[in-house]
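What follows is one structure encoded as structure tokens, with my remarks underneath.
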Amino acid sequence: MSATMARLRGRPFRGGVHPSENKELSWECRIETLPPPPVVQVPVLQHTGAPCSPVVKPKQEVRAGDLLADSSAFVSAPVHAPVAGVVQRETVATLPNGRHVKVIPIQTAADQPTPEDLWADVYGGEWPLDGVEAAEPSAIVSAIRAAGIVGQGGAAFPTHVKLTPNPAKPVDTVLVNGCECEPYLTSDHRLMLEAPRPIVVGALLAARACGARRVVAAVEDHKPGASAALRAAADGAAFEVIELPTKYPMGGEKQTVRAALGRTIPTGGLPLDVGVVVLNVATCAAIARAVLRGRPLTHRVVTVTGRGIRTPKNLLVPVGASYADLLAACGGLAPDAARVIAGGPMMGFSLGSFQAPVTKGTSGIVVLTAADVRAVEETACIRCGRCVDVCPLNLVPTRLALAARHKDWTMARRFHITACMECGCCAWVCPAAIPLVQLIRTGKVQMQKEAGA
Amino acid sequence: MTRSPHGPVPREAAVTASAPAPVAPAVSVAPGPHLHAAASTQRMMADVLVGLAPLVAVAVAQFRQHALFQMAIASCSAVVSEWLFARMRGRPATLWDLSALVTGLILALSLPAGAPWYAGAVGAAVAIGLGKAIFGGLGQNLFNPAMVGRAFAMISFPAALGASAYVSPSLGIEAVTSATPLTAFKMSGQVTPIGPLFLGATNGSIGETSALAALLGGLYLCFRRTAPWEIPAGAILAMGAAALPGLAGGGTTWTLAHDLSAGAFMYGAFFIATDPVTSPLTPRGKWIFGAGFGLLVAMIRRFSGYPEGVMFAILVMNALVPLINRGTIPVPVGGPAPQTR
Ligand code: SF4
Ligand code: SF4
């Protein structure tokens, strides 16, 4: 009801921005499979939570899908071998977000599945609906845990944790997030077009696991093909598809839940607090694969795009392939490439080195040219309040940045610094080009450190 | 957080056995977001200049060379002062953000056609110096620089900028042979017809005479989101509310429409009160600010000895901005953040 009201008022959530999307660069590109690189490097920590400990030894031979590392912690997810090969000595890699993690390299064996077989194994083939009925809720959760599934939209939170029933916080709705609001990225879009069926089946399985009665998929209205594909794939199952207005950051959990269901997640809370579990479309497909085929999460679709890459593509890649492998598969960087971003251009991290491995949460690589990354020099805040107008959470970014600059934590708290989701709308719009998000992010970390000390 | 320092870093070749080595462009590392709206302070200021165009056109049509003279004096003085004060503070001059030019022009448009050259020159210099530079430059000032400059000039040269200064038949311009509509009404209860008052065929500061021009330029600014629409909206509503008691008392032929069209009200509401630096940050704050401005103008016109109150209303509301900002901290979507500790 209130969702209808919100849509009638034409304001699905407050604030937000409309950066140029540039999705047409890779919009039409069918998902291609990346030929297995000679070596993959599988990080033992690809999620929010506890890192895993290796269960394999160097020189050990592994098959695709074999367990590589696991943890006994609840909030953690095991990692598996994406390719058959031989385990090498552990090394350390730096992920795009700056974190150093242990990685298990695997020397790829010569004998690998053909692209067709790989596609059939991961997203192709049949996805029978009666598999949903047959599955026990607790068995679904353990299959998800065993398959190492984490949120593939970016935050990479272990999915089994979200789906484990909690009597204190019952779930009534599974919200399938197909918004993909970051400019440039098209991996979710292509997945919805080319493999809608596992998404539907996975979402229904998730609903069964957590006891939700309603399954709703939210897709931005500039992707009518994707919503149509999902509707067709639902094939009579209790699976709703709703189209939401296109606006950044529609894919943020708070914004999608607000726009699609009319519920407001409390600050500092989770969708669970309003009876919702939000799952990215790729995560749903991974759930279907884990439960129906007993296969772990080892591959994902990554968009490689931007005017700075020669041939934009949507690639099905093994987790652990390096960014360099992906860039090379797309013809390499164009001469005017100026910035390489892991993730989307609004919230992603720019890369200085391309040796980092792709993880379960990597949705895209965007290569911008010098013309895209306008060299803007920071000038003085003119207190225009545009940052306030666009903040989807109704914060006062300029004051948060000021508080962070002066390390004035009382002021930072008064202006609710911890509520910021770092979506980047404020910095996008700021006429003075103040690095608001960076200041706020650093401020949050420092404030926490000092509070802990 | 271990991030590479900003600036170009050597790119490692993205090579595999299967692909040729691409040429090596310089790839830079910087914090996100990596896209930016095509907005800049300079663009906003340029927008204000575009928005001022109708007012400038009316001013020139009406006061001819005298209008050009006032605008030239104040603008030049403002730009030169900006450069001088930046040098004194050892900062790079920020002439290209156009803010000094805007300040000078806003000030010029609030002067009478016959003002002596030093009124505009000193006013603009004070606007930049006392109004802005001593606070720490653009973005740091509490009061609208143009209004600081005008107030200073008015106190220093009362004869040159007071109500009587508006009547100077020697200029050879028809409009300036009689008192401004607000003065005429205040002193002798004489009501100017609404037509000329709205279109701008009356006496007044060179940029304020045409409410229509201010409305056109102002709506352009609101449409471009260079000016927040909440401030003029609040001002007009407050002016309307202030006119209510008058209606109940039977009223005069001086109507709300006269109040809105006369003097610098429209000019002030759309161009001066909307100065980003000296107005509140949040939409709610902007409403309050606009309403307070409108109310003050109405009060000063009605109850004080001055015929017009835009300048004082702006300065008073400017002083209240920190208070308004403190009182209008928005509640985040989803409620206040849980306080740790
Ligand atoms: S958008 Fe930028 S210049 Fe405007 S108030 Fe916010 S921080 Fe200041
Ligand atoms: S980054 Fe934070 S402060 Fe800026 S718009 Fe997003 S939520 Fe608001």
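The values are calculated or read from the model by the stated rules, or taken from the named source; none is laboratory data. Only a predicted model underlies this, so the values are computations on that prediction, with no experimental measurement involved. Don't worry about glycine lacking a Cβ; one is built from the backbone with ideal geometry, like all the others, and counts go over all protein chains shown.
Where helices (runs of 4 or more DSSP H) fall entirely within region A:182-268, those with at least 3 residues that are out of contact with any helix residue (DSSP H, G or I) (no Cβ under 8 Å at 6 or more places or on another chain) and surrounded by fewer than 24 Cβ atoms within 10 Å (Cβ to Cβ) are at A:224-234.
Please verify whether region B:109-117 includes one or more residues that are in a helix (DSSP H, G or I) and either under 21 Å from B:GLY263 (Cβ atoms) or out of contact with any helix residue (DSSP H, G or I) (no Cβ under 8 Å at 6 or more places or on another chain) (or both). Yes, the conditions are met somewhere in region B:109-117. Screening region B:133-196 for helices (runs of 4 or more DSSP H) wholly inside it with 1 or more residues that are more than 30 Å from B:TRP83 (Cβ to Cβ) returns the ranges B:158-161, B:181-188. A:LEU118 meets the conditions (1) touching a Ser or Thr at 6+ places or on another chain (Cβ under 7 Å); (2) surrounded by 23 or more Cβ atoms within 10 Å (Cβ to Cβ) in every case but one. The failed one is (2). Per this entry, A:ILE382 is counted among residues that are within 12 Å of ligand 1 (Cβ to nearest atom), at negative phi and in contact with a helix residue (DSSP H, G or I) (Cβ under 9 Å, 6 or more places away or on another chain). How many residues does region A:331-347 contain that are touching a His at 6+ places or on another chain (Cβ under 7 Å) and either more than 7 Å from chain B (Cβ to nearest Cβ) or part of a loop (DSSP other than H, G, I, E, B) (or both)? Matching residues across region A:331-347 total 1.
Being more than 16 Å from ligand 1 (Cβ to nearest atom) and among the aromatic types (Phe, Trp, Tyr): is that true of A:TRP409 here? Break it down stepwise before answering.
On the way: more than 16 Å from ligand 1 (Cβ to nearest atom): yes; among the aromatic types (Phe, Trp, Tyr): yes.
In short, yes.
In this entry, A:PRO435 passes the filter for residues that are on the phi < 0 side of the Ramachandran plot, within 11 Å of another protein chain (Cβ to nearest Cβ) and within 14 Å of ligand 2 (Cβ to nearest atom). Can you work out which of the residues in region A:418-442 that are in a helix (DSSP H, G or I) and over 21 Å from A:ILE382 (Cα atoms) is farthest from ligand 1 (Cβ to nearest atom)? That would be A:THR418.
With the condition kept exactly as written, say whether any residue in region B:163-178 is under 26 Å from B:GLY200 (Cβ atoms) and touching a Cys at 6+ places or on another chain (Cβ under 9 Å). No. The number of residues in region B:1-42 that are modelled with pLDDT of 85 or more, surrounded by 14 or more Cβ atoms within 10 Å (Cβ to Cβ) and more than 7 Å from chain A (Cβ to nearest Cβ) comes to 1.
Identify, please: which residue in region B:137-186 is aromatic (Phe, Trp, Tyr) and touching a Pro at 6+ places or on another chain (Cβ under 8 Å) and is, among those, modelled with the highest pLDDT? Looking at residues that are aromatic (Phe, Trp, Tyr) and touching a Pro at 6+ places or on another chain (Cβ under 8 Å), I get B:PHE157.
Of everything in region A:271-281 that's more than 13 Å from the chain's Cα centre (by Cα) and not in a helix (DSSP H, G or I), which residue is surrounded by the most Cβ atoms within 10 Å (Cβ to Cβ)?
Applying the first criterion (more than 13 Å from the chain's Cα centre (by Cα)) to region A:271-281 yields A:271-277.
Narrowing the set further to residues that are not in a helix (DSSP H, G or I) leaves A:275-277.
Working: A:GLY275: 16, A:VAL276: 24, A:VAL277: 22.
Ranking the candidates gives A:VAL276 first.
Picking from residues in region B:304-341 that are small (Gly, Ala, Ser) and more than 14 Å from chain A (Cβ to nearest Cβ), the one that is farthest from B:GLY263 (Cα to Cα) is B:ALA319. Applying the criterion of being part of a helix (DSSP H, G or I) and more than 11 Å from ligand 2 (Cβ to nearest atom) to the residues of region A:405-417, the residue that is surrounded by the fewest Cβ atoms within 10 Å (Cβ to Cβ) is A:THR410. Give me the residue from region A:353-383 that is facing chain B (nearest Cβ under 7 Å) and surrounded by fewer than 20 Cβ atoms within 10 Å (Cβ to Cβ) and, out of that set, farthest from ligand 2 (Cβ to nearest atom). For region A:353-383, the residue satisfying everything is A:GLN355. Note on region A:384-399: among residues that are in a helix (DSSP H, G or I) and within 14 Å of B:ARG284 (Cβ to Cβ), the one that is nearest to the other protein chains (Cβ to nearest Cβ) is A:VAL388.
Which residue is surrounded by the fewest Cβ atoms within 10 Å (Cβ to Cβ), if the candidates are limited to region A:144-160 and must be in contact with a helix residue (DSSP H, G or I) (Cβ under 9 Å, 6 or more places away or on another chain), of a type in the set (A, V, I, L, M, F, W, C) and under 18 Å from A:VAL281 (Cα atoms)? Step through it out loud before you land on a result.
Within region A:144-160, the first condition is being in contact with a helix residue (DSSP H, G or I) (Cβ under 9 Å, 6 or more places away or on another chain), and the residues that meet it are A:144-153, A:155, A:158-160.
Now narrow it down to the ones that are of a type in the set (A, V, I, L, M, F, W, C): A:144, A:146-147, A:149-150, A:155.
The next check asks that each one be under 18 Å from A:VAL281 (Cα atoms); those that pass are A:144, A:147, A:149-150, A:155.
On the way: A:ILE144: 29, A:ALA147: 25, A:ILE149: 31, A:VAL150: 29, A:ALA155: 13.
Only one residue fits best here, namely A:ALA155.
Pairs are defined by a Cβ separation below 8 Å, a sequence spacing of at least 6 or placement on different chains, a first member in region A:130-143 that is closer than 11 Å to A:THR164 by Cα, and a second member that is polar (S, T, N, Q); the pairs so defined are A:VAL141/A:THR164. Scanning region A:282-330 for residues that are assigned to a loop (DSSP other than H, G, I, E, B), within 14 Å of chain B (Cβ to nearest Cβ) and more than 16 Å from A:GLY344 (Cβ to Cβ) yields a count of 4. Apart from one condition, A:PRO397 fits all of (1) near ligand 1 (Cβ under 9 Å from one of its atoms); (2) under 21 Å from B:VAL29 (Cβ atoms); the exception is (2).
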